[in-house]
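Working notes, beginning with the structure itself.
Just so it is clear, none of the values below were taken in a lab; they were calculated from the coordinates. Predicted model only: the values in this text are computed from it and were never measured. Using ideal geometry, Cβ is built from the backbone for each residue, glycine included, and neighbour counts are taken over all protein chains shown.
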2 protein chains.
Amino acid sequence: MTKQSETRDLVLDLVERLDVGEAIPSERQLSADLGVSRLTVRAALDDLAREGYLVRRRGAGTFVSEPKIAQELTMTSFTDDMRSRGLRPASETLELRVSPAGARLGRLLRVSPSEPVLIASRLRLADGESMAIETVHIRASRVPGLTARDLEQHSFYELLDERYGIEIVGGEQTIEPTVTDEDESEALGVPLHSPAFRFERLTHSQAGEIVEFVESIYRGDRYRLVTALNRPRERQRARNARAISHDGYH
Amino acid sequence: MTKQSETRDLVLDLVERLDVGEAIPSERQLSADLGVSRLTVRAALDDLAREGYLVRRRGAGTFVSEPKIAQELTMTSFTDDMRSRGLRPASETLELRVSPAGARLGRLLRVSPSEPVLIASRLRLADGESMAIETVHIRASRVPGLTARDLEQHSFYELLDERYGIEIVGGEQTIEPTVTDEDESEALGVPLHSPAFRFERLTHSQAGEIVEFVESIYRGDRYRLVTALNRPRERQRARNARAISHDGYH
DNA sequence: GACGACAAGTGGTATTGACCACCGGGGGAC
DNA sequence: GTCCCCCGGTGGTCAATACCACTTGTCGTC
């Protein structure tokens, strides 16, 4: 839409056609070729550099960087996550029921404890083998007519978006280590008390409303998190800046 | 140093003195007050917005946002990590020895298998109670004269930087769930086979050299990861862009 | 042939000026 | 008194320009 995002996409196409380490045209060159200001080019390149596609070297040029590893955890669905790991995703519904939220779930979803909540538990498969158990909790009135068949044939987030007009834009996730209990072990086909991840995810829509609470158990022997680490930014501020200033910001 | 970073820090000071939801001065106002161009102000605010300190509302203003939760994993030391969680960090050296790297460690650190490597195992405490076991592996010639006392009195990363002139700028970390073995259970004071995180971290310096390999076992009952989730960016590019273009990027 | 100074080109920073879409409140119409 | 419109101010985008610090390759000197 904007020139900046157009530039970004054009450069991204270019990047994908070049090898790692190759230089892309200079900012001034791109600016002239694409008919946009250098500022616009820089903003686009800033974006791509921040996302790890490009590395800049002052005085030398801008180069295609090595394929990044996931820098931050994003709001990816199981389906997309597995595909990006080169695995074929599938799903089996273990349970699909509606029941009152109760105290804990009501608090998490910000609904009354008596509010009917849909609870859908699915076994997640990767390349035909069990990978995780995922249990979605969502206010039942948000997803009228949802069936087990729907869940097995579509990505839940796509369903929410396309059928129910709910677009998820963010969330918060806690991760802790655990071991599988009897039920989980049986469903996943692993020994009792196998190491596993427990994810708890609370997602919200554009309007800031809580949409769903998801609890997942991932097999520790098949799933690991890999992240890039960056050095945190330092403040670099004067130690006594606050003591000196007392009215405003100067 | 640069006006942009000065502006950033000044606004950050201001942000910390305001309440959540309050508006900061407009970009044009800040620009006039600080004597810098609006673009410079914008770049600084972009930074702070990206880091979660500010939220912008077009047509309305820029506001102090709710305290962010960690959006991405950063290269923080145990010391800083605990402090940010409001806990008092401490450390006990369990083992400090030098031995040949061997095949696996040599490959990880990119040194010869016969190269002497310093292996330092420390029990990490938070508020006086065990939190983790951290084992650092580093080429011995990088840190001549390092003692157990050093490790207990200083942050290892500070030592590397200040005494040995090695600055760590990034790394890669894998996280998996596990259970504690006999030794770990005894050192941590938890029951055998308690759930725990295993972190494996490989860090590198500015020059891109591998600096150290760190293996950590964190108590699952005391430590959890909390992250914000963002919706991944979409490409928004024409499906057949590559098919059409064949010479360059237009 | 080896070394070093120089120049061209690169990314990094900053300024000024302009227009747009959007939000919100105040003032007018009713 | 209530409603609605409009308009000032806000962030979002973009252009043209300038100077700096740095890299790198070349050309000259020795």
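How much net charge surrounds A:Met131 when only the other residues with a Cβ under 9 Å from the Cβ of A:Met131 are counted, with Lys and Arg +1 and Asp and Glu -1?
Details: positive: A:Arg124, A:Arg219, A:Arg222; negative: A:Asp127, A:Glu129.
Local charge sum for A:Met131: +1.
Please give the calculated 222 nm ellipticity per residue for chain A, where each DSSP H segment of at least 4 residues contributes -39500 (n - 2.57) and the sum is spread over every residue; nearest 500 deg cm²/dmol?
Mean residue ellipticity, 222 nm, calculated: -8000 deg cm²/dmol.
Can you compute the charge dipole magnitude of the range B:78-219 about its Cα centre, using +1 on each Lys and Arg Cβ and -1 on each Asp and Glu Cβ, nothing else charged? Give it in debye, rounded to the nearest 20. Walk me through the intermediate numbers first.
Details: 16 positive and 25 negative charges, 58 e Å.
Its charge dipole is roughly 280 debye.
Once the range A:3-64 is represented by equal point scatterers at the alpha-carbon sites, with solvent omitted, what log10 I(q)/I(0) does the Debye formula produce at q = 0.25 Å⁻¹?
Calculated log10 I(q)/I(0) at the listed q: -1.09.
For the protein assembly as shown, take every pair of Cα atoms, bin their distances at 20 Å starting from 0, and report each bin as a whole percent.
The distribution over the protein assembly as shown is 18, 50, 31, 1, given as percents.
Other chains' Cβ within 10 Å of B:175-182 residues: what's the mean? Show your work: numbers first, answer last.
Values: counts 7, 11, 18, 4, 7, 0, 0, 0.
Mean shielding count: 6.
Taking B:Glu115 in one copy and the same position in all the others, each labelled 7 Å out along Cα→Cβ, what are the pairwise distances from the first, in nm, shortest first?
5.7
Quote the convex hull volume per residue of the range B:78-130, based on C-alpha atoms, as a whole number of Å³.
It is 87 Å³ per residue.
Using a Debye calculation, one point per C-alpha and no hydration shell, please list log10 I(q)/I(0) for the range A:43-151 at q = 0.17, 0.19 Å⁻¹ in order.
Computed log10 I(q)/I(0) values: -0.89, -0.98.
For B:Leu125, list long-range residues whose amide hydrogen, built 1.01 Å from N in the peptide plane, is under 5 Å from its own amide hydrogen.
Placed amide hydrogens put B:Ala90, B:Ser91, B:Glu92, B:Met131 under 5 Å from B:Leu125.
When chain B is modelled as a GNM with alpha-carbon springs shorter than 10 Å, which of B:Pro116, B:Pro89, B:Pro232 fluctuates the most?
The residue with the greatest mean-square fluctuation here is B:Pro232.
Less than 12 Å Cβ to Cβ from A:Ile166, Lys/Arg counted +1 and Asp/Glu -1: what total charge do the surrounding residues give?
Charge balance near A:Ile166 sits at -3.
Order by neighbour count: A:Ser112, A:Ser130, fewest other Cβ atoms within 10 Å first, most last.
Working: A:Ser112 11, A:Ser130 17.
Fewest-to-most Cβ neighbours within 10 Å comes out as A:Ser112, A:Ser130.
If we count every other residue with Cβ under 11 angstrom of A:Leu96's Cβ, Lys/Arg +1 and Asp/Glu -1, where does the sum land? Mind dumping the intermediate values first?
Working: positive: A:Arg97, A:Arg122, A:Arg149; negative: A:Glu95, A:Asp150, A:Glu152.
With Lys, Arg at +1 and Asp, Glu at -1, the neighbours total 0.
Please list the non-local residues whose amide H lies under 5 Å from the amide H of B:Val117, H modeled 1.01 Å from N, same-chain partners needing a gap of 5 or more.
B:Ser99, B:Ala101, B:Ala140
Evaluate the charge dipole of chain B about its Cα centre and quote only its size in Debye, nearest 20, assuming +1 on the Cβ of each Lys and Arg and -1 on the Cβ of each Asp and Glu.
Details: 35 positive and 41 negative charges, 280 e Å.
The dipole magnitude comes to about 1340 debye.
Take the Cα atoms of chain A, find their three principal axes, and give me the spread along each one in whole Å, biggest first.
The principal-axis extents, from largest down, are 61, 54, 38 Å.
Taking each residue in B:216-229, count the Cβ atoms of any other chain within 10 Å of its Cβ, then average. What number comes out? It would help to have the intermediate numbers written out before the result.
Details: counts 0, 1, 2, 1, 6, 2, 0, 2, 6, 9, 6, 10, 7, 15.
Other-chain Cβ atoms within 10 Å of each residue's Cβ, averaged: 5.
Enumerate the calculated ³J(HN,Hα) couplings along the range B:160-174 in order (Karplus 6.51 cos²θ - 1.76 cosθ + 1.60, θ = phi - 60°), each rounded to whole Hz, writing x wherever the residue is Gly or Pro.
Once rounded to whole Hz, the list reads 4, 5, 7, 8, 10, x, 10, 10, 8, 10, x, x, 9, 9, 10.
Please sort by residue number the GluC sites (Glu not before Pro) in the range A:23-114 whose DSSP state is loop and whose Cβ has at most 10 other Cβ atoms within 10 Å. The partial results should precede the final answer.
Details: sites: A:Glu27, A:Glu51, A:Glu72, A:Glu92, A:Glu95; in loops: A:Glu51, A:Glu72.
Nothing satisfies the criteria.
So for A:Arg85, B:Arg42, fewest C-beta neighbours within 10 Å to most, what's the order?
A:Arg85, B:Arg42
5 Å is the cut-off here: which amide hydrogens, built 1.01 Å from N in the peptide plane, fall below it relative to B:Tyr223, excluding neighbours closer than 5 in sequence?
none
What are the label-to-label distances in nm, one decimal and shortest first, from B:Glu215 to the same spot in the other copies, with labels 7 Å along Cα to Cβ?
3.3
When only C-alpha pairs under 8 Å and at least 6 residues apart count, what is the relative contact order of chain A, in percent?
Details: 393 pairs, mean separation 34.3, N = 250.
RCO, chain A: 14 percent.
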